[in-house]
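See below for the structure under consideration.
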Amino acid sequence: DRADQKVNLSSPRQGAGAAAGARSPAIKSARPLRVSRVVDLTHTLSPDFPSWPGYPSLAVHNTHHYQRDGFFANAWDVHEHSGTHVDAPLHFSVRGYSAADIPAQSLIVPVVVLNIRSRARRDPDAEVQVDDVAAWEKTHGRISRGAAVLMWSGWESRAGDQAAYRNMDGKGIMHFPGFSPEAAAFLITERAVAGIGVDTLS
């Protein structure tokens, strides 16, 4: 389990910091972010990376090459739910924030990691339960308001195999770990977390 780490859940915005030397009051007054170590949670995107059934696979094609154009560049055709990403509230609610509406300062938050790998090895339908939250808090203290709670099921080890990652049965139903409705409700109502994260498709 990893406690007291900071993870940047945001994506860089095109044109950010374009005014050279410009400083905003928010930057001037901000405290330096101190990081003892960085944990890379990313995976390399490719056309073979697992995707939700029915969504188009990522496609990459070369547009410029050194010998012909003097530089190298590719064009990407990628669905917004490919790979590691943030589902904005608008994805599920017409009244929810879009990704552009989410305040940038709310995307850098304390992280809580709930490790359910041993259960997930035995049961692909394993769920994060309220008891997992209680066990984490017994060791590390109460989850802070506005934290992100991440499930670590070990499912990321299957990312190189679409069939194993989806784990679809004969009826077309996928089986992979997630948060129980009770744990999700508890984290929202009793701990006011900023979000939850998983190492599975959804």
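So which residues in region 123-134 are open to solvent by 30 Å² or more (accessible area, probe 1.4 Å) and assigned to a loop (DSSP other than H, G, I, E, B), if there are any at all?
If the condition is that a residue be open to solvent by 30 Å² or more (accessible area, probe 1.4 Å) and assigned to a loop (DSSP other than H, G, I, E, B), then 123, 124, 125, 129 are the ones that fit.
Identify the residue in region 164-193 that is buried (at least 19 other Cβ atoms within 10 Å of the Cβ) and of a type in the set (Gly, Ala, Ser) and, among all such residues, is nearest to residue 42 (Cα to Cα).
178
Could you look through region 141-163, keep only residues that are surrounded by 14 or more Cβ atoms within 10 Å (Cβ to Cβ) and in a helix (DSSP H, G or I), and pick out the one that is farthest from the chain's Cα centre (by Cα)?
Only one residue fits best here, namely 162.
Are any residues in region 47-81 polar (S, T, N, Q), touching a Ser or Thr at 6+ places or on another chain (Cβ under 8 Å) and over 25 Å from residue 163 (Cα atoms), and if so, which ones?
Start the filter on region 47-81 by keeping residues that are polar (S, T, N, Q), which leaves 51, 57, 62-63, 67, 74.
In the following step, the residues that additionally are touching a Ser or Thr at 6+ places or on another chain (Cβ under 8 Å) were identified as 51, 57, 74.
Selection gives 74 alone.
Spot the failing condition for residue 120; the list is (1) open to solvent by 30 Å² or more (accessible area, probe 1.4 Å); (2) in a helix (DSSP H, G or I), and only one is missed.
Just one mismatch for residue 120, condition (1).
Take residue 111 and decide whether it is out of contact with any helix residue (DSSP H, G or I) (no Cβ under 9 Å at 6 or more places or on another chain) and surrounded by 16 or more Cβ atoms within 10 Å (Cβ to Cβ). Give the derivation first.
Numbers: out of contact with any helix residue (DSSP H, G or I) (no Cβ under 9 Å at 6 or more places or on another chain): yes; surrounded by 16 or more Cβ atoms within 10 Å (Cβ to Cβ): yes.
It is true that residue 111 is out of contact with any helix residue (DSSP H, G or I) (no Cβ under 9 Å at 6 or more places or on another chain) and surrounded by 16 or more Cβ atoms within 10 Å (Cβ to Cβ).
Which residues, counting only those in region 58-76, are open to solvent by less than 70 Å² (accessible area, probe 1.4 Å), assigned to a loop (DSSP other than H, G, I, E, B) and on the phi < 0 side of the Ramachandran plot?
58, 65
Please pick out the residue among 98, 82 that is buried (at least 16 other Cβ atoms within 10 Å of the Cβ) and assigned to a loop (DSSP other than H, G, I, E, B).
Within the list 98, 82, the selection yields 82.
The values are calculated or read from the model by the stated rules, or taken from the named source; none is laboratory data. Source: prediction; values computed, not measured. No Cβ is skipped: glycine too gets one built from the backbone with ideal geometry, and neighbour counts run over all protein chains shown. Note: areas computed on protein heavy atoms with side chains; ligands, DNA, RNA excluded. Shrake-Rupley method; radii C 1.70, N 1.55, O 1.52, S 1.80 Å.
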